[in-house]
């Protein structure tokens, strides 16, 4: 039984749509237990994270990096970091913003560096580009999705949700393999 | 009269030591008006920033990027960004952490991207390395300094403070030139 | 008379289309002298770069960063760097790739760090997103453009060329102001 | 039997010292077969890389990123990338430069993004800082080492070589576990 947690912040609901897609993808892999943890409720879930084989981090990109609430969560892991409690867990990331491109990569880089400080192994998206489909935005370090200034039940759309599902599946499969090899 | 503002967060006082050094450096350039703005007091200072020719951003590096409080400040500029009120101002950055190297660059990259979103021009440190002296850590995109787990009156030391002063001077000189050319 | 140089590499002609658009944009600013320098001909043009007020760097994004030939040019500036001959010049960058998003930002970050090592001031794109128009890809640190697997007379298209022109204009205007203030 | 390859470029021999330390570290893990591949000889070794469970990438940091020869190697993997032949292999990286800090992180970020394009899993250094010892430069995404303008038999010194060995050991252990779980 591989345990995968998805920790995310969502300001207006768009990133939550992807977080839920990531959960669906992970849960579709037999033998996976998945937990969805909003950063607002992190205080009740430190134990959940510590018991996980893999943690997937998700944040909107605000002003070119992770959101303030997500960064506040990252800072709150300082003690966990110092004790290296997440060492050798798997990690992955996703981010959503209003534009097609650009600065979402800085968010993924920030998440990958954060995971490396925790001595976690980083899993990228692992999907080639399908125009209008999975990984339509051509991202590799993690999943990038996009939503305009519309309600979250309109965007991010089905292609981006499929991208989130693909990330969840990939991490769950890797977590099973990594656990089995231990 | 060039106006330079230094906006910073400091968790334990070490980054504040550098912020004050940056202010000293900027103030040493004749005809420069310098303001020091802690992010905790930002609500009283949005007008100060808007009236500045140059804004220098300073944050500790926590878990591989800007601190949570500094990121919260960055997010709070979203309206300023949308109206592009800081367009064509100058920008620069500095960051302090406990180790010699590594992930401070991600903080400077995050600040440079943030400034670019605001359509500001980015000024790097502009100093070659002097062992044990100015720019001892060999950083170029901005000033990197280092302080161990000791009180801020012990570290960051004189070399790192001189590095901060050099950044302040450079930005103030550039602000004078940029204003004169307008 | 502000002098602007555009140094670029283009593997298949797509980045060259944007380089030429950047040149058009810069040349549209009265009083600007613009030179287009392919990295293959760099040996005849070191003096051109040294005499420039601003240098704009352009490279395809290959495997997540600047192309090999462009990196080879960057490495060849080591002596120029050591003597800081480009200090206080302006710098900017653009990059083209086949996908919409992702890893082009790493190319722009790499160019901005390179410019900072040379103690140059970095100018971003300075344009808000216009869907299907200027900055359609939502990039700020520099210009991002995109071309599929088609000949360069088909893509990058007119929106991306307009983005390149906007970058050229912005740099030329800044170079005039920066020169006047000296 | 886990197979680990170390692909590197070294301009003056300093990065080669670390490459050899990484090999020693990997070889110290029972049941590991290690190959050292200089990028100059890559044409004879594409098969070696394709048969590896893990590939460790090493490059000097020149002008803020991987060296020209290393980038040329990266570009030469485009066909391998298109066919995703390295998918699900493990990856890691190291870099050496003359200064303590700063822009080596951009090299490691560039290597991590490159590995993510190849759908590889990224393993960081996984070591806390020991002053004057392993990871003295405080790097996490990979191993950072430093050598001044002295012959490679003087620097990088024993602490940095121990850092390289630690990276090699970590990757070899992970490769054994990852292979076993398959």
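The values are calculated or read from the model by the stated rules, or taken from the named source; none is laboratory data. As the structure is a prediction and not an experimental result, all values here were calculated from the model. Using ideal geometry, Cβ is built from the backbone for each residue, glycine included, and neighbour counts are taken over all protein chains shown.
Structure above, values below:
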{"read-out": "Residue match in the range A:127-135 (condition: more than 7 Å from every other protein chain (Cβ to nearest Cβ), surrounded by 24 or more Cβ atoms within 10 Å (Cβ to Cβ) and farther than 23 Å from residue D:177 by Cα)", "value": "yes"}
{"read-out": "Count of residues meeting criterion [within 14 Å of residue B:60 (Cβ to Cβ), surrounded by fewer than 23 Cβ atoms within 10 Å (Cβ to Cβ) and in contact with a strand residue (DSSP E or B) (Cβ under 9 Å, 6 or more places away or on another chain)] in the range B:13-31", "value": "2"}
{"read-out": "Exclusive hit being under 20 Å from residue A:63 (Cβ atoms) and in a loop (DSSP other than H, G, I, E, B), set B:10, B:59, B:5, B:52", "value": "B:52"}
{"read-out": "Residue satisfying all of: in the range D:146-162; assigned to a helix (DSSP H, G or I) and touching a residue at least 60 places away in the same chain (Cβ under 8 Å); farthest from residue C:82 (Cα to Cα) among these", "value": "D:162"}
{"read-out": "Residue match in the range B:33-40 (condition: in a helix (DSSP H, G or I) and either out of contact with any helix residue (DSSP H, G or I) (no Cβ under 7 Å at 6 or more places or on another chain) or under 24 Å from residue B:156 (Cβ atoms) (or both))", "value": "yes"}
{"read-out": "Selection count, the range B:137-167, where residues are closer than 25 Å to residue C:91 by Cα and at the interface with chain D (Cβ under 9 Å from one of its Cβ atoms)", "value": "6"}
{"read-out": "When residues of the range C:136-155 are limited to those that are within 24 Å of residue C:34 (Cβ to Cβ) and touching a helix residue (DSSP H, G or I) at 6+ places or on another chain (Cβ under 6 Å), the one surrounded by the fewest Cβ atoms within 10 Å (Cβ to Cβ)", "value": "C:152"}
{"read-out": "Some residue of the range D:142-157 being under 23 Å from residue A:126 (Cβ atoms) and at pLDDT 95 or above", "value": "yes"}
{"read-out": "Condition broken by residue A:123, with the remaining ones in (1) under 25 Å from residue A:84 (Cα atoms); (2) within 14 Å of chain C (Cβ to nearest Cβ) satisfied", "value": "(2)"}
{"read-out": "Scan of the range C:65-120 for residues that are closer than 21 Å to residue C:170 by Cβ, in a loop (DSSP other than H, G, I, E, B) and more than 7 Å from every other protein chain (Cβ to nearest Cβ), ordered by number", "value": "C:86, C:88, C:89, C:118, C:120"}
{"read-out": "Filter pass, residue D:59 being touching a residue at least 24 places away in the same chain (Cβ under 8 Å) and either within 13 Å of chain B (Cβ to nearest Cβ) or more than 22 Å from residue B:138 (Cα to Cα) (or both)", "value": "no"}
{"read-out": "Given (1) under 14 Å from residue D:115 (Cα atoms); (2) surrounded by fewer than 24 Cβ atoms within 10 Å (Cβ to Cβ), index of the condition residue D:58 fails", "value": "(2)"}
